[in-house]
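What follows draws every value from the coordinates through simple rules; no lab data is involved. Predicted model only: the values in this text are computed from it and were never measured. Glycine gets a Cβ as well: all are built from the backbone with ideal geometry, and neighbour counts include every protein chain shown.
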Amino acid sequence: MDFNDSPEEAAFRQEVKTWLAENAQAYREPLPLGPGDIRIAEMGREWQKIKARGGYAAISWPTEAGGRGATPIEEVIFAEEENRYHVPVGPFVGIGVGLAVPTIRAHGTPEQIEQFAHPTLMGDILWCQLFSEPAAGSDLAAVRTRAQRDGDDWVVNGQKVWTSWAHTADWGILLARTDPEQVKHKGLTFFLLDMRTPGIDVRPIRSISGESEFNEVFLTDVRIPDRCRLGEVGAGWGVAMTTLMNERANSTGESLLLPDVSSLVRLARERGLAEKNQRELAALYAREQGLKYFQARQLTALSRGEQLGPMSVISKLVFANVLQDGSAMGLDMLGLEAAFLATEDHRVTRFQYGYQWAAALRIAGGADEILKNQIAERELGLPGEIRADKGVPFSQLPVGR
Amino acid sequence: MNFDFSDDQKMLADHARQFLGETCTFDRLREFVASGEDYDRALWQQMVELGWPGLSVPEAAGGLGLGVLELCLLSEEIGRVLAPVPFFSTVCQAVPLLEQAGGEVADSLLARIAAGTCTVAVANPDQGHSLELGGNSCLDGALAPVAWLHCADVLLVTASETDGTAVLLSVELDQPGVQRERLAAQVLDSVSAWGAAHFDKALTTVLARGELVVALNHKLRLRSAVLLAFEQLGGADSACTMARDYSLERYTFGRQIGGYQAIKHKLADVRVAIELARSNAYYGAWALYTDSPELPRAAALARISGTETFTLAAEENLQVHGGIGYTWEANCHFYYQRARLLAVAVGGPDQWAAELLESIR
Amino acid sequence: MNPQELNDWLATARNWLQEQAPDYSGKARQGLTMDEDLALGRRWQALKSDAGYACITLPRQYDGGGGTEMQKILFEAEEKTWDLPNTYFGISLGMPVPMLLRYGSEAVKDELLPKAIRGEHIWCQLFSEPAAGSDLAALTLKATRDGDGWRLNGQKLWTSWAQYSDWGIIVTRSDPTVPKHAGLTYFYLDMKSEGVEVRTIRKLAGESEINEVFFNNVYVPDSQRMGEVGGGFKVAIETLMVERYAVSDEACGGISAERFIDIAARARIGSRPALEDGEVRRLLADTLVERQGLRSIHRRAMEAIAAGHEPGPEGAIRKLLIAKRRLLLGAAAMDLMGPDALLYDSSAAQSNDPVNAWIEAPPIRIAGGTDEILRNTIAEKVLRLPQDHRPDKGVPFNQL
Ligand SMILES: Cc1cc2nc3c(=O)[nH]c(=O)nc-3n(C[C@H](O)[C@H](O)[C@H](O)COP(=O)(O)OP(=O)(O)OC[C@H]3O[C@@H](n4cnc5c(N)ncnc54)[C@H](O)[C@@H]3O)c2cc1C
Ligand SMILES: Cc1cc2nc3c(=O)[nH]c(=O)nc-3n(C[C@H](O)[C@H](O)[C@H](O)COP(=O)(O)OP(=O)(O)OC[C@H]3O[C@@H](n4cnc5c(N)ncnc54)[C@H](O)[C@@H]3O)c2cc1C
């Protein structure tokens, strides 16, 4: 058992440090952007290009796919080192690199892989994920957006919602219903959609923090050529599963913008509140650190070529809940100061941002309750949910609001 | 980084799990309690045959010369079945104390432990007893409660000399100067036994003195925390499995209770806590193994997660069982009570929480 | 009774307790076996009955107190400050006796109620079975017609105090061919009837009050039926609604906030009294806040009952919270005691001894509605959420 870098890992880390020192100079200080400033997407694209040129865009991917052919541990080492800088990384780039590309690689034709995978890694294409709809979130297979065949094209009508970074994306991955007479999981098809196609209307949604990182996307007679279909007609659910698996494995959402428990403990100490909250702080810290070492165990498993089991979903589950509990506690300790949003004090804004972001994180990419169901069913082997929709054609299902 | 146990270590754990699963059943625990025996001598004898007492005793002294990582895994397996033997005090605590103290007496004790002819009780130095060592290394005074004190062969205890210097003593318990008894009051955890001793000019050997004793005790505490965390982990994991199995068997309102989200999410919460506790325990194991400067923080993390998780798993296991969980027959009580016992052994949650926060700068 | 009269009445009651209770509580109970303690309890019930303090809301003609709900609450709160041997009568007087009052004939009430109220008789509640707990309507104990009466065959489980009981109330399956809730019939019966066998169950610690009860062709006259044939489920629910209000002790039988303060004042964390520790103070504050809230809910509910309304589902909130609180306070006090908590005396009063308070806490989260079932009740009855999926609905019992 060895928690430290192996000699090869240490050498890689050193190499990365050196490279970053040369290439990430511009990111020594926090970016001159307020929260929600969309210019960060373009900055992210630039940084992705720099990484790609340095050979760090797809560290753990095989070389034939344009990657470096290194281990997942080296991937993490890079991220750790990269995160010492205020680099513009986030979903604006991550949706493409982390979700779209693995899905395209798994289900795409050679031409699709050629057309999309490499350019995405190079920062040439930014993506968004057009899955959720007003009546399809946790129950994603309930999507109603309709795609109908018309010659060599598909014509798409419907509405997507919560589409993060649709306003900056070049392309989108889209899940649509091609056959409403099938049971709900069977009538879906997966498409790649050029976001400049006529008929797409992206409207920002204002979130609780006042920012607009996600959108409603209205699709009116949007034409998608059949060559932009990913996978077979009616096989969209299986394709989307690949995306979701990558989403759940990738998303923890750690960021320099968010508070960690150590900073909470320091704050408590400063305010003379550490002792009073000793047990709670210690428990929170133990959850946070437990997650860190859990991820180290997962990486070890990955680097041995093992598949990750159902417990991998706890990364997001635990992270989001620790973030919410910790941020709430931090805000309590800050007192009335914390009630004012427009403050210059970086620490106050971190707890505020943490508190608001945690609420989103507990829902996005698999809500807490859904993840617990998964753990109960897949890890513990408990029965699945009673489903009123089994075997019923989609067009005959009851609908709520 | 290679943050996992090796295949050989896992194999050892698998063997241990199989052996303990077959021998140390709930039926056996119940028989043990009914018999009023001090500890399960037959089981201990089998462990001796497997070489467990000498697992981490150097080969030169007749042991297997394995390390603390193997000990962690065995502790988890022992925690899983709640084996009523003085494994923790003899193997996890006494062996490293003796090894670090060194000297002829310590070496011969190690050899006896490895040979399976000696069990050891260790008095927790935090427990607030104050024993004074008189002339000729003779000990007077009283000591209680200490696990297995009434039935162990040797006691390791810290006392002070008249000038206040701390000394680590070994006391052969079968001697005229020592009166012992099993504590008559009911012990919270029915599968462990606790004793009291009265010393009247008891003969002792000084194993270490002064600063060294303080250092040894400090290390003992951290080590105990990590190894107990593995015991807690084993207990939590088997309590969770037991609850899962029952929830699949039991039907209410025409459905398995494991199908209701109240139960599914409850058990998912327990399972998540176990995964975090396991990760913290592994980190503790690594810190112990490498004698890392991180050890105080790692030990506190392991301990806090372990206590919280075992408590949760034991309480909710009983709850999932409904009324049957409250009966002696259903076995839930073994975990329920052990969880509380382990929570207060080697320092309670408040103390460890304070120490953990200390480590954050 | 106007507030002034109520105050005077309470002052008298308090004096009476001060005079009488010491001979029946605390030291007087130390070292007693369960049998001896029960005998003491019976004497206490009789004494109370003579003074009008037993079953205060039941009519005087049956040796009850003939008083109001308010008097009962006030007296019980006062009585709870003493550690009296009342536990044996909790179920007996809490459920079967009020049900007998509602459903018994005059002659039967004249004969049996005074004996129960005076503690001469104990009544038990024979509802749960091995495969019927939360899902009470799944019970299988069979009742078949036999002339003017019924024959009972089957098994009950978890019957508290059955080993001391003279009478019991029982729910049986009289018709397995109709859906499960519709085929039940409710009786009271003499526990000394031929064919009744009681076996005590060993529980996780201490002396046991729970039993298995086997029925081998036990005869019950039809005159002892309570409610309609096939109407037993309704009567059972009525009984349970009364039960959820019978728990009136706010520490739920465990250590009170005051007792916890007492322990924390003597324990030390580091170099300071634990009572000065911020964490301990927070736990206490939470406990007191919750207690105050529950007092209000409780009082409101009791007043509703006194005014003749049915008890609402708020009773579920109360039980859910006090049971969990008892577990929390017990565990916290044990943490403060350190290794001393490892040794305990199972005969010590649960209201005084944290270890016993903790060990005996789990069944409270289970008996009389488990935490999960209570949450369902709150979700469905208070918040009006839909019921869980129920595959057993409408299906004849013998086809499940
Ligand atoms: C910040 C943010 C960014 C997002 N970005 C994107 C994006 O880029 N692209 C995209 O496609 N989507 C995106 N989403 C949408 C996200 O995937 C959905 O919000 C999520 O799947 C939940 O769906 P919902 O919001 O419809 O909630 P619902 O599914 O309606 O859930 C409501 C509540 O009911 C619970 N619930 C639902 N079903 C069950 C069940 N079976 N058992 C128990 N509880 C249940 C849920 O846990 C939740 O608490 C984003 C969301 C957020 C918050
Ligand atoms: C100390 C004690 C004294 C008792 N005294 C008496 C007595 O005198 N007379 C009498 O008749 N009974 C008595 N009982 C029995 C008591 O009423 C039952 O134990 C209780 O109703 C629970 O039933 P069960 O034990 O069969 O558990 P189950 O109903 O089998 O429940 C097992 C678990 O599943 C959960 N569960 C069940 N259904 C659901 C659902 N739909 N949704 C979510 N979760 C669910 C429960 O909450 C529980 O956690 C006593 C019990 C105890 C512990």
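Want the number for residue A:397 to residue A:378: 0.36 nm per residue separation, take away the alpha-carbon distance, what's left? Please list the in-between numbers first.
Numbers: separation 19, 0.36 × 19 = 6.84 nm, distance 2.65 nm.
Fully extending the segment from residue A:397 to residue A:378 adds 4.2 nm.
Return the FRET efficiency for the residue pair residue C:111, residue C:192: r is the Cβ-Cβ distance, R0 is 22 Å, and the value is rounded to the nearest 0.05.
Calculated transfer efficiency: 0.90.
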Just add up the charged neighbours of residue B:239: K/R +1, D/E -1, any other residue whose Cβ is under 12 Å from the Cβ of residue B:239. 0
Chain A: relative contact order in percent, alpha carbon pairs under 8 Å with at least 6 residues between: 13
When A:386, C:201, C:255 are ranked with the fewest other C-beta atoms within 10 Å first, the list becomes A:386, C:201, C:255
What does the C-alpha gyration tensor say about the overall shape of the stretch A:7-121? Classify as rounded when a/c is under 1.5, otherwise prolate if a/b is larger than b/c, or oblate. oblate
How much net charge surrounds residue C:45 when only other residues with a Cβ under 9 Å from its Cβ are counted (Lys, Arg +1; Asp, Glu -1)? +3
Under 9 Å from the Cβ of residue B:360, count the other residues' Cβ atoms, weight Lys and Arg +1, Asp and Glu -1, and hand me the total. +3
Lys/Arg +1, Asp/Glu -1 at C-beta; the stretch B:217-359 dipole; positive extreme among B:254, B:222, B:288: B:254
Unit charges on C-beta of K, R, D, E only; dipole of the stretch C:139-258, Debye: 540
Output the 0 to 90 degree angle, nearest 10, between the alpha-carbon long axis of helix C:34-51 and the longest principal axis computed from the alpha carbons of chain C. 90
Between 0 and 90 degrees, rounded to the nearest ten: what's the tilt of helix B:295-321 against the longest Cα principal axis of chain B? 40
Could you run the Karplus curve 6.51 cos²θ - 1.76 cosθ + 1.60 with θ = phi - 60° over the stretch A:94-107 and give me ³J(HN,Hα) per residue in whole Hz, x for Gly and Pro? x, 4, x, 5, x, 10, 5, 5, x, 5, 5, 5, 6, 10
What percent does the relative contact order of the stretch C:247-382 come to when contacts are Cα pairs within less than 8 Å and at least six residues apart? 32
Sparse-neighbourhood loop hits (GluC sites (Glu not before Pro), the stretch A:316-377; DSSP loop; Cβ within 10 Å at most 16 others) -> A:344
Straight-line reach only, C-alpha to C-alpha below 15 angstrom: list the aspartates and glutamates that residue A:276 could link to, leaving out same-chain residues fewer than 8 apart. A:332, B:350, B:355, B:358, C:276, C:277, C:279, C:286
In terms of the alpha carbon gyration tensor, root eigenvalues a ≥ b ≥ c, rounded if a/c is under 1.5 and otherwise prolate when a/b exceeds b/c or oblate, the protein assembly as shown is oblate
Taking the dipole of the protein assembly as shown about the Cα centre (Lys, Arg +1; Asp, Glu -1; charges at Cβ), the one of A:43, A:159, B:188 that reaches farthest to the positive side is A:159
If the cut-off is a Cα-Cα distance under 19 Å, which aspartates and glutamates reach residue C:234, setting aside same-chain residues fewer than 8 apart in sequence? C:129, C:135, C:175, C:222, C:243, C:310, C:380, C:392
The longest stretch of chain C containing none of the trypsin sites (Lys or Arg not before Pro) that sit in a DSSP loop with at most 15 other Cβ atoms within 10 Å is C:1-191
Please list, in order along the stretch B:280-287, the HN-Hα scalar couplings obtained from phi with the Karplus expression 6.51 cos²θ - 1.76 cosθ + 1.60 (θ = phi - 60°), rounded to whole Hz, x for Gly and Pro. 5, 5, 4, 5, x, 4, 4, 5
Measuring from its Cα centre, the stretch B:7-117 shows a charge dipole (+1 at each Lys and Arg Cβ, -1 at each Asp and Glu Cβ) which, in debye to the nearest 20, is 220
When chain B is modelled as a GNM with alpha-carbon springs shorter than 10 Å, which of B:292, B:279, B:224 fluctuates the most? B:292
Please say if the stretch B:7-117 is rounded, prolate or oblate, where rounded means a/c under 1.5 for a ≥ b ≥ c the square roots of the C-alpha gyration tensor eigenvalues, and otherwise the choice is prolate for a/b larger than b/c and oblate otherwise? oblate
Let me check against my output: what whole-number percent is the relative contact order of the stretch A:7-121, with C-alpha pairs under 8 Å and at least 6 apart? 29
Karplus-derived HN-Hα couplings along the stretch B:3-15 (A = 6.51, B = -1.76, C = 1.60, θ = phi - 60°), whole Hz, x at Gly and Pro: 8, 7, 7, 6, 4, 4, 5, 5, 5, 4, 5, 4, 4
Potential extension, residue C:120-residue C:101 segment - 0.36 nm per residue separation minus Cα distance: 5.1 nm
Between helix B:211-249 and chain B: long-axis angle, C-alpha atoms, 0 to 90°, nearest 10: 20
Gain on full stretching of the segment that runs from residue A:387 to residue A:6 - 0.36 nm per residue minus C-alpha separation: 132.3 nm
Running a GNM on chain B with Cα contacts under 10 Å, which residue among B:274, B:113, B:263 ends up with the highest mean-square fluctuation? B:263
Reachable aspartates and glutamates from residue C:109, Cα under 14 Å, same-chain residues fewer than 8 places away excluded? C:63
Pick from A:260, A:152, A:124: which residue has the top mean-square fluctuation in a GNM of chain A where Cα pairs under 10 Å get a spring? A:152
Cut-off 16 Å, label 7 Å out along Cα→Cβ of residue C:144, residues of the stretch C:207-228 by amide N: C:215-220
